[in-house]
1. Limiting things to C-alpha atoms, what are the Rg and the maximum Cα-Cα separation (Dmax) for segment 233-294, in angstroms?
2. When the Cα centres of segment 209-252 and segment 54-131 are compared, how far apart do they sit, in Å?
3. With +1 on each Lys and Arg Cβ and -1 on each Asp and Glu Cβ, how big is the dipole of segment 184-291 about its Cα centre, in debye rounded to the nearest 20?
4. Can you pull a Stokes-Einstein diffusion coefficient for segment 166-245 at 25 °C (0.890 mPa s), Rh from Kirkwood over Cα pairs, as a whole number of µm²/s?
5. Quick one: grab Rg to one decimal and Dmax as a whole number for segment 161-320, Cα atoms only, in Å.
6. Please work out the FRET efficiency for the pair Ala137 and Tyr181, using the Cβ-Cβ distance as r and a Förster radius of 35 Å; give the result to the nearest 0.05.
7. Please compute the length gained on full extension between Asp293 and Asp80, using 0.36 nm multiplied by the number of residues separating them and subtracting their Cα-Cα distance.
8. Working only with C-alpha atoms, what are the Rg and Dmax values of segment 134-186, expressed in angstrom?
Amino acid sequence: MSINATMAQDTTRLELRPRYEGSNICTWIGFKHVNYMVEEAVLDHLRQRGLPAGRLYERHGLGVDITDLDTKILTAFHIDDLATATVRRLPDSGGALRLGVELTVERGGETVKAVAAKVAVQLRLDPRGHAVEPPPAELAGFVTERLGAGATAVPVPADADPLEVLTAGQNAFGWAWRMPYFYCHFTERVQMSGYLRQLEEIVDLFLEDRGVSIKTLLDEQDWIPVVPHSRITLLDEARMEETLYTVYTVESVFKRLTYTSRMDAYVLRDGVLVPTATGRITHGWAVIENRRDWSLVDFDDRLTDALTGKAGRGVGRGSA
């Protein structure tokens with residue numbers, strides 16, 4: 001079957017299960033691993049259309065990159081759940097292949113929609129000089145020599161701490177960490193799953209800094225954070241072993257039910273902080289009822305004060 005014929009197929013389906021690593025508290029699957037399931041559905045969609053990521057890179061020098069990942073989690077996944085992923089082609093825009101991903105799961109004999117996601121995919125041309133075949137004409141609109149929609153850089157005075165510049169006057173927490181090779185792909189750049197890990201990590205560090213760490217609320221109240229919505233967008237490329245300056249800023253607390261925060265990631269180049277990714281995540285909290293069930297709770301004063309910056313702690317700074 002030709003690439004042109006496979007591109008005409010707009011919908012694919014895949015059965016898949018969450019990975020064991022994502023079952024951190026009881027048998028529930030965290031938001032990062034839910035997004036991993038979305039990513040796997042996207043990659044399988046390309047495979048079913050005759051466009052596997054390995055072949056695109058090895059034969060054409062094109063790296064498959066997810067550059068925007070917007071995921072709503074409607075129902076919690078458990079470790080042994082079998083999900084059905086349906087991937088549909090959406091109208092292309094901004095030089096990216098746009099896909100809608102829906103994950104469903106069986107609950108009490110009924111099929112329930114668990115996840116609805118929108119994904120943008122671009123094909124990054126490898127800059128190395130190895131001989132490759134020309135990109136297929138049908139994919140030309142998605143090929144780019146550099147990823148990212150771009151954002152305004154932030155100048156940094158010569159004697160200033162980049163994190164202090166980024167967090168000044170904000171209800172925010174900053175963290176600097178060297179990007180390891182296992183957050184990267186195609187030999188040189190941080191991939192979307194690396195930013196998912198970065199977001200998960202900085203949420204954990206922020207809550208600890210504010211005195212409401214995951215373990216503290218688990219031990220004292222049987223509370224766990226839950227995530228109904230997350231989104232990450234790539235703005236530029238961060239490279240292997242560059243230091244990523246990540247800032248986590250609380251934007252709003254809604255009726256003591258949920259709070260929304262923003263993640264912004266930068267690398268320091270030639271005296272300016274270059275934005276490489278931005279994202280948002282919404283959290284609620286739930287009380288564990290038994291080994292399988294939980295229910296949402298209102299924030300108490302301690303949690304509300306921590307999130308709004310009234311807990312007596314200043315702006316945090318983390319490093320590794």
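The values are calculated or read from the model by the stated rules, or taken from the named source; none is laboratory data. Not measured: the values here are computed from a predicted model. Reconstructed Cβ throughout: ideal geometry from the backbone, glycine too, with neighbour counts over all protein chains shown. Keep in mind that these areas ignore ligands, DNA and RNA; they rest on the heavy atoms of the full protein, side chains included. Shrake-Rupley method; radii C 1.70, N 1.55, O 1.52, S 1.80 Å.
1. 16.6, 53
2. Spelled out, the Cα-based centre of one part sits 22 Å from the other.
3. Magnitude of the dipole: close to 400 debye.
4. In µm²/s, the coefficient is 170.
5. When restricted to the Cα atoms of segment 161-320, Rg and Dmax are 16.3, 53 Å.
6. 0.55
7. Length difference between fully extended and current span is 75.2 nm.
8. For segment 134-186, the Cα radius of gyration and maximum Cα-Cα distance read 17.9, 50 Å.
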